[in-house]
Every structure is written in C-alpha cells, then in structure tokens.
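The block underneath contains the structure these notes are about, expressed in structure tokens.
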Amino acid sequence: MKNDMKKDFEIENEKLYTIREAAKLCGVSRATLLRMEEAGFDAPRFVDENNGYRYYDVVNIHRIKLYQMLQCMGLSNKEIYSYFDNKLEPRDFLAVLKGRLAMAERCVEEFEARLIDRGSLKYEYVCLPPVVCYTFEAPMTHPKEQIEYNYRKIHQMYDMGFKPAAAVPMFSVSPGVDGIYGKEELPGKGVTIAVAIDPAHIPDESKVTSFHERNAFSLIYKGNDDEIMQNGAEMLFEEMKQRRLEAKGPCYGICILGPFYGTQIDPDDYVFRWAIPVEE
C-alpha cells in the first residue's frame, strides 16, 4: 500500500475504510470523494498501488464532515480549499464564517418575528453587524409613499448592476439623534436608506457605504406600519433617557418583517427594530 497522507501519529492495527464505506459514513457519493481527492482536498490514507483501491481513516472522515459543515454554511469549494491549503489567513477565514453566520441569524430573526404577538415590544442590546450597502436618500413621508419610493430605487439598483445580499435586512439611518427625538424641530431632509449588497459586484462606488460593527440599544416592535415609523424611535429614545444611556451614533430603523418580505404579511404585523449605538 502507498501512504498518501502523512499523520503526526500512528495507530497500531488502525482500522481503515474502503471508499464505499467512507462515502456511506459521510453520507456522500463515491464520486464526491473522488472529486474532493482530485481537487487536492482530502487524499485517502492509503492507495493500493497494485489495484488502485482507496482506504480512508478517521482523520479523513472528520475532514470530510468539516467540509460538509462549511458547505452548509454557504462557503464555496474555493473558499474551503483555500483555507485548508493555507492560502487564506485564519483571520480572513473567520470574517467569511461570520458573514455566513450573520445570514443564518438574519433568517432566524425573520421567522422568530412571525411569532411575536401583535402590539408587543422588547428592549435589548444588540450588535449591528458590518455590512456593505447601496444607499440613497429618501424623503420622510407617509409610510406607504416611502415604501413605493424605496421600491423604485431598488429597481434602479438592480438596473445599475448591483446584486443584493441576504445578510442584513434593509434599514434606514436617521440624519441625527438630537434633531429627530424632540430636542429641536424635525429637520426637513430625509433619511438614508441602506440595502445590503454583494461586495463583489459594485459598479458604482459613489452609491456604496460601508457600515461598521456597532453595539446598540434597541427596541423591537410589532404593529401597524404607521405606529412603528411614527412612534418606535421616540419610544426607544425615551427608554434610553430613563436608563441614562448616551447615543453614540445615528438611529437605525431596521425592517425585519414588512412589505418587502411578502404581501401575505398583514400591515398590522410588521416588525421593526429601532437601534441606536451606545458605545464604540
């Protein structure tokens, strides 16, 4: 037999598995294991030089299972192979993993929102993830008019060649905390609308804004769209004053569940998260 994969240890009377047995243990096809070997990802523990039979060990099996886990997180073969070939720094790979985790958490958040009781609200601390967004200014108008305006702008985004990303729901960024929450008259300018995009497809840098990770205090609210847009942010700011929390950035209005997530959603069941950074 030929030893095709070195290990830092040797096991006496080590049990090896045929390619058929290894495929069954991992829940994949024989052809999948051969493709992985051809790509240089997972060579068998031994290959019989006389007949070409392949034999796999426990390390092979766990390496394949790790590959499957990363694949389930949405990583491409190129990303997975690059990491195992030491072509991708651990810090960069961690950033990729966190991005995929954010998408999974986003999906969970949306479906959890469907189970919230109408009229309920919840204050909590959250971490706003880093994200690259297509941004545009929107007038502060009636919710229905603003929704229609946002729809038209997103059509333009697609026509320009931007591709959407699922990591973060669409959100608004208010022009300033003091101006919006009662310390002075509401400013006449609108808000910035941000739509998460695929950073690999940016045809116009001037339309793009990178948002950094922020720790924030938030209010999650389920109810009528008019109530949410008119009262939600003010309620959050009042709670912050009661807790003596100082705003460290603008207010984010995050649409978790609303008109952009299907017409089957009752307008009285929209879910919004208002969030204000409280520390750097």
Checklist outcome for this item: For region 106-279, averaging the sequence separation of alpha carbon pairs under 8 Å that lie six or more residues apart and dividing by its residue count, the contact order in percent is 31 percent
Item to check | With Cα atoms, 0 to 90° folded angle of helix 225-243 axis to the chain main axis | outcome: 90 degrees
Checklist entry - Over region 2-88, what is the relative contact order in whole percent, taking alpha-carbon pairs under 8 Å and six or more residues apart? => result 30 percent
Item to check | Hypothetical label at Ala39: residues of region 45-86 whose amide nitrogen lies under 15 Å (7 Å Cα-Cβ projection) | outcome: 63-86
Checklist entry - If the chain between Asp85 and Ile19 were fully stretched, how many nm would it gain, using 0.36 nm times the residue separation less the Cα-Cα distance? => result 21.5 nm
Item to check | Over 22 Å between alpha carbons, listed pairs Lys98/Lys163; Lys153/Lys207; Lys222/Lys248; Lys78/Lys98; Lys78/Lys153; Lys122/Lys144 | outcome: Lys222/Lys248; Lys78/Lys153; Lys122/Lys144
Next on the checklist: Rounded to whole Å, give me the distance from the Cα center of region 103-122 to that of region 73-97.
Outcome noted: 30 Å
Checklist entry - Given only helices, namely DSSP H runs of n ≥ 4 each adding -39500 (n - 2.57), what is the per-residue ellipticity at 222 nm of the chain, to the nearest 500 deg cm²/dmol? => result -12000 deg cm²/dmol
Checklist entry - Working out 0.36 nm times the residue gap between Ala200 and Gln156, then minus their Cα-Cα distance, what length gain in nm do you get to one decimal? => result 14.0 nm
Checklist entry - Based on the Cβ-Cβ distance of Glu145 and Lys207, what FRET efficiency does E = 1/(1 + (r/R0)^6) give at R0 = 25 Å, to the nearest 0.05? => result 0.70
Checklist entry - Mind listing P(r) for the chain? All alpha-carbon pairs, 5 Å bins, whole percents. => result 1, 5, 10, 13, 13, 12, 9, 7, 6, 6, 6, 5, 3, 2, 1, 0, 0
Checklist entry - At q = 0.15 Å⁻¹, what base-10 log of I(q)/I(0) does the Debye formula yield for region 2-88 when every alpha carbon is treated as an equal point scatterer in vacuo? => result -0.56
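Bear in mind these aren't lab numbers, they're just calculated from the coordinates by the rules spelled out. Since the structure is predicted, the reported quantities are computational estimates derived from the model, not experimental observations. We place every Cβ from the backbone using ideal geometry, glycine too, and count neighbours over all the protein chains shown.
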